[in-house]
Amino acid sequence: MFIGHFALGFAAKRIAPRTSLGTLLAAPELADILFPLFVVLGWEKVAFTSAASPFLSITLDQYPISHSLLALIAWGIVFALLYGWRTGYGRGAVVVALLVVSHWVLDFVTHRPDMPLYPGGPKVGLELWASVPGTLIVEGLLFVAGVAIYARATRARDAVGRYAFWGLVALLLALYVASLFSPAPPSGSAFAVVGMILTVVFVGLGVWVDRHREARTGSPGA
């Protein structure tokens with residue numbers, strides 16, 4: 001799951017209009033922000049294999065700290081406490097906590113049975129990734145819905161808010177399509193570095209875009 005996680009971040013703007021889009025995109029991606037860092041530190045591992053489905057070419061069987069359900073609940077609480085302490089926005093704190101945990105839910109649907117319930121515990125997964133068409137349809141619909149909700153919940157303050165928003169959407173889609181045809185990274189470290197760079201770029205763009213847009217009247221909490 002890639003753009004599906006971002007889809008929830010876009011959609012959450014409707015519920016937490018005072019929360020920056022950058023934060024809303026970072027929250028559901030927190031597991032994938034932590035994972036590359038833990039790979040570099042040697043705490044978690046990733047490997048790559050040839051597979052009929054491009055989604056199954058990555059082997060993820062050792063990432064309990066970043067991706068187990070229990071760990072993500074804990075990370076969500078930490079994220080929410082830090083966000084609430086910094087902003088005083090209770091609704092936003094609850095939303096970012098739920099977004100952090102949502103990563104496990106979406107990965108549970110798409111992954112092979114490699115999603116741990118807790119570190120050292122049983123692993124589960126519905127393996128939607130085994131079907132490329134099914135994955136593209138589900139993730140594509142999620143992304144379209146999330147972008148549409150964000151577009152209706154906000155409006156551009158200027159040309160930057162209008163065109164940069166759609167530029168961000170186009171960039172996410174382009175990278176998603178490219179990932180279907182790209183060869184596997186040469187190593188786990190290379191995968192980690194690229195992942196961290198892309199995350200910084202997307203979150204930064206989310207912050208920039210959101211500064212040039214505003215919540216429409218009637219959004220909850222606006």
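Restricting the search to segment 78-123, which residues are closer than 16 Å to Gly22 by Cα, more than 15 Å from the chain's Cα centre (by Cα) and buried (at least 20 other Cβ atoms within 10 Å of the Cβ)? If the condition is that a residue be closer than 16 Å to Gly22 by Cα, more than 15 Å from the chain's Cα centre (by Cα) and buried (at least 20 other Cβ atoms within 10 Å of the Cβ), then Ala80, Tyr83, Gly92, Ala93 are the ones that fit. Within segment 149-160, how many residues turn out to be touching a helix residue (DSSP H, G or I) at 6+ places or on another chain (Cβ under 7 Å), not aromatic (Phe, Trp, Tyr) and not in a strand (DSSP E or B)? So the count comes out to 1. Look at segment 20-39: where a residue is in contact (Cβ under 8 Å) with a residue 60 or more places away in the chain and a partner is of a type in the set (Ser, Thr, Tyr) and not in a helix (DSSP H, G or I), sitting 6+ places away or on another chain with Cβ atoms under 7 Å, you get Phe35/Tyr63. Listed by first and then second residue, the pairs linking a residue in segment 1-18 that is within 20 Å of Glu127 (Cα to Cα) to a residue that is among the acidic types (Asp, Glu) and assigned to a loop (DSSP other than H, G, I, E, B), with Cβ atoms under 7 Å apart and 6 or more places separating them unless they lie on different chains, are His5/Glu29. For Ala178, indicate whether it is surrounded by fewer than 17 Cβ atoms within 10 Å (Cβ to Cβ), over 20 Å from Phe10 (Cα atoms), more than 14 Å from the chain's Cα centre (by Cα) and modelled with pLDDT of 80 or more. Against the criterion (surrounded by fewer than 17 Cβ atoms within 10 Å (Cβ to Cβ), over 20 Å from Phe10 (Cα atoms), more than 14 Å from the chain's Cα centre (by Cα) and modelled with pLDDT of 80 or more), Ala178 qualifies.
Residue-by-condition table, conditions (1) farther than 24 Å from Pro183 by Cβ; (2) out of contact with any His (no Cβ under 8 Å at 6 or more places or on another chain); (3) in a helix (DSSP H, G or I):
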| residue | (1), (2), (3) |
| --- | --- |
| Ile73 | yes, yes, yes |
| Arg86 | yes, yes, yes |
| Arg91 | yes, yes, yes |
| Trp104 | yes, no, yes |
| Gly120 | yes, yes, no |
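Counting the residues of segment 34-51 that are surrounded by fewer than 18 Cβ atoms within 10 Å (Cβ to Cβ) and either outside any loop (DSSP other than H, G, I, E, B) or of a type in the set (A, V, I, L, M, F, W, C) (or both) gives 8. Summed over segment 161-181, the residues that are out of contact with any Pro (no Cβ under 8 Å at 6 or more places or on another chain) and either part of a loop (DSSP other than H, G, I, E, B) or within 28 Å of Val132 (Cβ to Cβ) (or both) give a count of 13. Can we say Ile65 is in contact (Cβ under 8 Å) with a residue 60 or more places away in the chain and either under 23 Å from Val124 (Cβ atoms) or touching a strand residue (DSSP E or B) at 6+ places or on another chain (Cβ under 8 Å) (or both)? Considered against the rule, which asks whether it is in contact (Cβ under 8 Å) with a residue 60 or more places away in the chain and either under 23 Å from Val124 (Cβ atoms) or touching a strand residue (DSSP E or B) at 6+ places or on another chain (Cβ under 8 Å) (or both), Ile65 comes out as no.
The values are calculated or read from the model by the stated rules, or taken from the named source; none is laboratory data. Not measured: the values here are computed from a predicted model. Please note: Cβ atoms are built from the backbone with ideal geometry, for glycine as well, and neighbour counts cover all protein chains shown.
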